[in-house]
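In what follows, a structure is listed as structure tokens, so that the remarks can point back to it.
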């Protein structure tokens with residue numbers, strides 16, 4: 001089909017389709033994680049980041065693509081999780097700046113936008129690395145330059161082919177990808193985004209081979225609605241809400257006594273688009289799911305019945321919900337006014353309740369739940385800083401994949417905030433001990449950064465596939481000991497693997513070993529590890545703590 005320009009309605013369809021595609025493929029993207037640990041999270045991070053951008057677009061009633069692109073960029077920024085989510089937000093930041101004055105987009109606008117996307121993405125990374133998502137966005141930009149098509153449907157097919165070709169080169173550009181036999185996970189996520197864009201413009205079924213099932217569609221729409229409520233402006237007057245009823249239906253296509261039409265996606269979508277905004281329509285061969293904000297929920301239900309019977313119906317009065325939000329915000333503001341501000345908040349990101357208690361006992365004032373298996377978004381970190389009731393803030397990411405989101409948060413918050421670049425929870429615990437409440441923000445950050453090299457960090461988890469990394473043979477289901485990011489030992493038994501890993505970590509300066517056991521382990525096994533380590537050197541001080549962290553049986557620090 002021929003497409004000469006992209007309107008605001010079509011752009012919204014493209015964005016929503018990309019969000020659906022990333023979500024339905026997030027597990028596959030996660031599986032491309034280089035290390036065979038059960039916590040690959042690139043797909044989850046990219047999906048949740050893009051979902052945030054898609055919600056901002058849904059809530060924007062402008063008829064200008066330039067305005068919607070700005071909303072997408074803003075939503076991606078505030079929802080960015082992990083390095084992959086942050087770089088994805090920068091890609092569409094470059095895109096949005098290029099098209100900000102455009103009401104509709106033509107082929108030349110798209111080409112220039114992706115060229116600017118690539119420039120912005122590369123500039124956002126201190127040390128750009130080829131073989132990553134950066135290589136893929138560069139491939140997209142190059143494909144745009146070389147395309148001879150003015151028809152947007154054909155142009156986006158060229159962009160998709162360019163993205164896929166670039167993705168296939170990533171193992172040749174990054175040795176660790178070639179060693180393990182995978183393509184870059186972030187690059188794969190971007191390829192799915194471009195594929196969704198191309199499918200919409202070519203009127204193809206969205207990601208046919210990875211259609212979400214009914215349960216996943218329910219979860220996606222419910223989560224989408226929850227995020228919409230959570231991100232609503234607390235001071236929005238309920239009477240200013242243009243479309244007051246959040247209406248959700250599930251239609252069993254072709255069934256029922258009032259069926260009048262065979263299901264046609266465009267016909268179904270276009271009628272609903274006239275009834276309100278925040279429209280999301282997802283279908284497979286048997287059902288169609290609808291989420292829309294409207295003043296006429298009855299018309300939505302009646303329209304659905306012309307294509308099939310109604311399996312599920314949910315209608316919420318958002319004006320009443322907004323009144324509740326305002327009431328809660330007012331109570332919170334009153335509580336904040338009663339409390340004296342702290343001089344410095346120490347905000348730590350942790351992955352288990354036990355770890356949260358441990359950090360709090362050492363002086364951390366605010367905890368963000370998250371970490372390796374669920375990176376917090378930029379917005380999560382911004383909220384924690386702004387709600388800390390402090391004059392300054394120090395952030396402990398405790399994971400290198402959170403650095404970029406944390407850096408972005410420090411640039412938009414209301415108080416001075418800085419990061420101590422803790423790559424592990426063990427480094428985070430060590431750094432807190434050097435905090436001085438009488439020192440300045442800069443002096444504390446410098447002092448805490450200086451402690452990071454004094455601790456070695458070890459992690460024990462199990463492998464989810466067979467592989468070989470740096471000459472270490474790894475079998476699915478076996479345990480791995482990872483020291484400061486490198487797999488050092490493997491074994492069938494978690495206790496023995498942990499002991500062997502710690503032996504590798506010890507040197508003549510080692511004095512204190514801290515064992516933190518997670519949900520995959522228990523205190524009994526932790527004490528077994530402790531006993532075996534004490535036989536190595538009776539002068540070693542060995543501590544045991546409950547962390548409750550997922551995935552990792554043991555977190556070990558050696559100082």
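The values are calculated or read from the model by the stated rules, or taken from the named source; none is laboratory data. This one's a predicted model, so the numbers in the text were calculated from it and none came from an experiment. Every residue, glycine among them, receives a Cβ derived from its backbone with ideal geometry; neighbour counts consider all protein chains shown.
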Of the conditions (1) within 28 Å of the chain's Cα centre (by Cα); (2) modelled with pLDDT of 80 or more, residue 203 fails just one. Which one is it? (1)
All but one of (1) without any contact (Cβ under 8 Å) to a residue 24 or more places away in the chain; (2) surrounded by 24 or more Cβ atoms within 10 Å (Cβ to Cβ); (3) under 29 Å from residue 177 (Cβ atoms) hold for residue 75; which doesn't? (3)
Some residue of the stretch 353-363 being farther than 15 Å from residue 548 by Cα, crowded, with 18+ Cβ neighbours inside 10 Å and modelled with pLDDT of 85 or more: no
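Results for (1) closer than 21 Å to residue 83 by Cβ; (2) in contact with a helix residue (DSSP H, G or I) (Cβ under 6 Å, 6 or more places away or on another chain); (3) touching a residue at least 24 places away in the same chain (Cβ under 8 Å); (4) surrounded by fewer than 24 Cβ atoms within 10 Å (Cβ to Cβ), shown as yes or no for each residue.
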| residue | (1), (2), (3), (4) |
| --- | --- |
| 121 | yes, yes, yes, no |
| 124 | yes, yes, yes, yes |
| 130 | yes, yes, yes, yes |
| 140 | yes, yes, yes, no |
| 154 | no, no, no, yes |
| 157 | no, yes, yes, yes |
| 161 | no, no, no, yes |
| 166 | yes, yes, yes, no |
| 189 | yes, yes, yes, no |
Could you tell me which residue of the stretch 379-406 is farthest from residue 520 (Cα to Cα), considering only residues that are in contact with a strand residue (DSSP E or B) (Cβ under 8 Å, 6 or more places away or on another chain) and assigned to a helix (DSSP H, G or I)? 385
Every residue from the stretch 407-428 that is closer than 24 Å to residue 502 by Cβ and in contact with a strand residue (DSSP E or B) (Cβ under 7 Å, 6 or more places away or on another chain): 422, 424, 425, 426, 427, 428
Kindly evaluate residue 10 against the criterion of being without any contact (Cβ under 8 Å) to a residue 24 or more places away in the chain, in a helix (DSSP H, G or I) and surrounded by fewer than 21 Cβ atoms within 10 Å (Cβ to Cβ). no
Checking residue 125 against (1) outside any helix (DSSP H, G or I); (2) more than 30 Å from residue 468 (Cβ to Cβ), which single condition isn't satisfied? (2)
Given the criteria assigned to a strand (DSSP E or B), buried (at least 17 other Cβ atoms within 10 Å of the Cβ) and either outside the structural domain of residue 354 (by TED's automatic domain parsing) or without any contact (Cβ under 8 Å) to a residue 60 or more places away in the chain (or both), does residue 542 qualify? yes
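Restrict the check to the stretch 437-444 and report whether at least one residue is in the same structural domain as residue 407 (by TED's automatic domain parsing), closer than 29 Å to residue 503 by Cα and in a helix (DSSP H, G or I).
no
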When you look at residue 471, is it without any contact (Cβ under 8 Å) to a residue 12 or more places away in the chain and not assigned by TED's automatic domain parsing to the domain that holds residue 380, yes or no? yes
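For (1) modelled with pLDDT under 90; (2) over 26 Å from residue 49 (Cβ atoms), each residue gets a yes or a no:
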position	(1), (2)
229	yes, no
238	yes, yes
247	yes, yes
254	no, yes
261	no, yes
266	yes, yes
269	yes, no
276	yes, no
287	yes, yes
